[in-house]
Amino acid sequence: MEAEPASAVVRCGGGACAGGGTAARPGAGGRGWMVRGGLGRAMALLLCLGLTAALARGCLHCHRDFSEKFSFYRHHVNLKSWWVGDIPVSASLLTDWSQDTMKKLHLAIPAEITREKLGQVANAVYQKMDQLYQGKMYFPGYFPSELRAIFREQVHLIQNAIIESRIDCQRHCGIFQYETISCINCTDSHVVCFGYNCESSAQWETAVQGLLLYIGTTEAPVSSQPGITKLHMSRAPTPGQPDLGNCF
């Protein structure tokens with residue numbers, strides 16, 4: 001009995017990432033098909049993992065000038081320190097900038113930032129970096145230390161920008177939506193949240209009706225929206241607190 005090939009799909013996250021595997025019916029030659037199918041699925045899984053790692057951008061990477069700016073910084077790092085040991089350390093900091101940013105954000109909410117705030121963070125970082133690069137060669141240890149300081153400030157700026165947008169949401173009454181960019185893959189996204197700033201019982205009634213309507217009409221199942229199904233009436237955190245909790 002001949003084996004019939006069938007496509008095997010390895011899913012990465014929510015969608016199909018790669019294929020290439022085969023399946024076989026029991027019988028002569030079936031084992032060979034299964035082996036090749038297993039290798040195909042394994043290769044597809046490795047591809048998925050590689051793509052997932054490549055998609056971790058780190059917010060600032062999503063800015064239109066990031067590639068040009070950081071390419072310049074990396075190519076001129078060897079001119080910034082008298083000590084040769086500073087060069088590989090500084091180059092590593094610049095190369096891993098985006099990946100390390102995502103590791104340090106420590107947000108309990110999705111890393112989604114508005115274009116306006118992303119521009120503000122990017123301009124602040126570029127200004128600091130450009131000033132650092134205007135100087136001549138620095139004494140040993142100074143240049144990588146300054147890079148780390150700029151990196152830490154950038155992380156705080158991104159945290160504050162994301163959290164401030166969520167706090168601004170709570171100044172509305174009822175369901176509110178604003179456009180953002182996903183720091184994970186730099187795609188356009190949006191945040192939907194529930195604002196508590198209702199001044200009358202009539203406004204509250206309208207807000208709750210809008211919430212129930214949203215839950216009933218949204219494409220995502222209610223079970224996947226724990227923040228919306230459990231309204232949490234808590235004080236809004238101050239900027240700088242990475243754990244905002246539930247906005248809905």
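The values are calculated or read from the model by the stated rules, or taken from the named source; none is laboratory data. Here the structure is a predicted model, which is why all the values come from computation and not from measurement. Quick reminder, even Gly has a Cβ in these numbers, built from the backbone with ideal geometry, and neighbours come from all protein chains shown.
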- Inside region 88-178, counting only helices (runs of 4 or more DSSP H) that do not spill past its ends, which hold 3 or more residues that are at pLDDT 95 or above and buried (at least 19 other Cβ atoms within 10 Å of the Cβ)? 115-134, 142-169
- Note on the structure: Of those in region 179-197 that are part of a strand (DSSP E or B) and touching a Cys at 6+ places or on another chain (Cβ under 6 Å), the residue farthest from residue 64 (Cα to Cα) is 195
- Kindly provide the set of residues from region 105-142 that are within 21 Å of residue 67 (Cβ to Cβ) and among the basic types (Lys, Arg), ordered by number. 115, 117, 128
- Checked region 120-139 for anything within 27 Å of residue 187 (Cα to Cα) and more than 16 Å from the chain's Cα centre (by Cα); matches are 120, 123, 124, 125, 126, 127, 128, 129
- region 58-90, residues that are under 14 Å from residue 133 (Cβ atoms) and of a type in the set (Gly, Ala, Ser): 71, 81, 90
